[in-house]
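Chemist: Quick one: structure below, then a few questions.
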Amino acid sequence: GAGVSQSPSNKVTEKGKDVELRCDPISGHTALYWYRQSLGQGLEFLIYFQGNSAPDKSGLPSDRFSAERTGGSVSTLTIQRTQQEDSAVYLCASSSQGGDNQPQHFGDGTRLSIL
Amino acid sequence: KQEVTQIPAALSVPEGENLVLNCSFTDSAIYNLQWFRQDPGKGLTSLLLIQSSQREQTSGRLNASLDKSSGRSTLYIAASQPGDSATYLCAVRRGFQKLVFGTGTRLLVSP
C-alpha cells in the first residue's frame, strides 16, 4: 500500500491475555519503529528494526513485550499477560533507511484497551 | 537524556491568525528535527523535517526554523484555518536512534 498499515485498529481484551499487533511498513522501507502513546506519558519509543541488523530493544518496558520482523517487511508486536497499564495506542513507523536524513512515516495505530 | 518540551500546551485562535508553536530540547547534538500533526484517533502526519545543518524549512503556509545551538525550533502557521486544528508534535533524532517526542501543542482554530 501507499502508507504504513496497522491492524487491528482497535483491540479490547481482558487482563492476562496475550495480544499481537501487526504493522505493514511502506514497501521498500528498511527501517521500522514501534512507539507507544499513552495518556500522561506522551509518545515513547519501544523498538527499532533496520534491515538484518539486531533490533534496538532499548525502549521495551518489560520482558512481556517482544517484537519480530519477518522477511524484512511485516512486523508483529506481542504483549504477553497484558496489564491495564498496557492500554495505549501503539504506533508503527517506517523510513526508507535508518539514517538521520529520512522522515519517519506513521500508521494510524492500534488502540489497545485492557479491561 | 534528551528532553523535548513544547509551549504552549494548548492554543485557541480565531481563523486567519498567524501563530507560532515552540519546541525546545536539552541536548543540541541532534541530526534532525521533525514536526508532525496528529488528528484525533489518527497516527502522525509528517509536516516538515529540518536537518541539523539547516536553519528552516517551508511547506505552503508552514515554516519551521531550527536554532540547534540554543536548542529551539518554532513552527509558524500563516493564515490559520479550522482544518489546522490538531495536536502538533516536534521530535528530535540522533543518528540511528529513535525519535524523542515533545509533549505536544493542541491547536484549535475557530471559524
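Chemist: Which one of A:Glu68, A:Glu85 is surrounded by fewer than 14 Cβ atoms within 10 Å (Cβ to Cβ), touching a strand residue (DSSP E or B) at 6+ places or on another chain (Cβ under 9 Å) and farther than 20 Å from A:Ser5 by Cβ? Working first, answer last.
Modeler: Working: A:Glu68 fails: farther than 20 Å from A:Ser5 by Cβ.
Step by step, each of A:Glu68, A:Glu85 is checked, and only A:Glu85 is surrounded by fewer than 14 Cβ atoms within 10 Å (Cβ to Cβ), touching a strand residue (DSSP E or B) at 6+ places or on another chain (Cβ under 9 Å) and farther than 20 Å from A:Ser5 by Cβ.
Chemist: Something else now. Those residues that are more than 11 Å from the chain's Cα centre (by Cα), within 14 Å of another protein chain (Cβ to nearest Cβ) and either surrounded by 13 or more Cβ atoms within 10 Å (Cβ to Cβ) or at pLDDT 95 or above (or both), I need them from region B:42-58; list them, please. Even if it seems obvious, please write down each step before you answer.
Modeler: Residues of region B:42-58 that are more than 11 Å from the chain's Cα centre (by Cα), as a first pass: B:42-45, B:51-58.
Still in the running and within 14 Å of another protein chain (Cβ to nearest Cβ): B:42-45, B:51-54, B:57.
B:Lys42, B:Gly43, B:Leu44, B:Thr45, B:Gln51, B:Ser52, B:Gln54, B:Gln57 - these are the residues of region B:42-58 that are more than 11 Å from the chain's Cα centre (by Cα), within 14 Å of another protein chain (Cβ to nearest Cβ) and either surrounded by 13 or more Cβ atoms within 10 Å (Cβ to Cβ) or at pLDDT 95 or above (or both).
Chemist: A further question on this structure: Can you work out which of the residues in region B:73-111 that are of a type in the set (Gly, Ala, Ser) and under 10 Å from the mean Cα position of the chain (by Cα) is farthest from the other protein chains (Cβ to nearest Cβ)? Lay out the reasoning, then the answer.
Modeler: Start the filter on region B:73-111 by keeping residues that are of a type in the set (Gly, Ala, Ser), which leaves B:73, B:78-80, B:83, B:85-86, B:91, B:95, B:102, B:104, B:110.
When the remaining residues are screened for being under 10 Å from the mean Cα position of the chain (by Cα), the result is B:73, B:91, B:102, B:104.
On the way: B:Ser73: 15, B:Ala91: 8, B:Gly102: 8, B:Gly104: 7 Å.
Of everything passing the filter in region B:73-111, B:Ser73 is farthest from the other protein chains (Cβ to nearest Cβ).
Chemist: Something else now. List the residue pairs whose Cβ atoms are under 7 Å apart, where the first residue sits in region B:55-68 and is assigned to a strand (DSSP E or B), the second is among the basic types (Lys, Arg), and the two are 6 or more positions apart or on different chains.
Modeler: Matching pairs, first to second residue: B:Ser65/B:Arg55; B:Leu66/B:Arg55.
Chemist: What about B:Leu75, is it assigned to a strand (DSSP E or B), under 29 Å from A:Gly59 (Cα atoms) and without any contact (Cβ under 8 Å) to a residue 40 or more places away in the chain?
Modeler: Values: assigned to a strand (DSSP E or B): yes; under 29 Å from A:Gly59 (Cα atoms): yes; without any contact (Cβ under 8 Å) to a residue 40 or more places away in the chain: no.
So B:Leu75 fails the test.
Chemist: Return the residues of region A:72-101 that are more than 8 Å from every other protein chain (Cβ to nearest Cβ), within 30 Å of B:Ile50 (Cβ to Cβ) and touching a residue at least 60 places away in the same chain (Cβ under 8 Å); say none if nothing qualifies.
Modeler: Let us first name the residues in region A:72-101 that are more than 8 Å from every other protein chain (Cβ to nearest Cβ), namely A:72-90, A:92, A:94-97.
From what's left, within 30 Å of B:Ile50 (Cβ to Cβ): A:72-73, A:75, A:77, A:88-90, A:92, A:94-97.
Within region A:72-101, A:Tyr90, A:Cys92, A:Ser94, A:Ser95, A:Ser96, A:Gln97 qualify.
Chemist: Can A:Ser113 be described as under 16 Å from A:Asp18 (Cβ atoms), outside any loop (DSSP other than H, G, I, E, B) and either among the polar types (S, T, N, Q) or without any contact (Cβ under 8 Å) to a residue 24 or more places away in the chain (or both)? Show your work before the answer.
Modeler: On the way: under 16 Å from A:Asp18 (Cβ atoms): yes; outside any loop (DSSP other than H, G, I, E, B): yes; either among the polar types (S, T, N, Q) or without any contact (Cβ under 8 Å) to a residue 24 or more places away in the chain (or both): yes.
So A:Ser113 fits the description; yes.
The values are calculated or read from the model by the stated rules, or taken from the named source; none is laboratory data. It should be emphasised that the depicted structure is a prediction, and the values quoted were computed from it without experimental measurement. Virtual Cβ from ideal backbone geometry, glycine too; neighbours counted across all protein chains shown.
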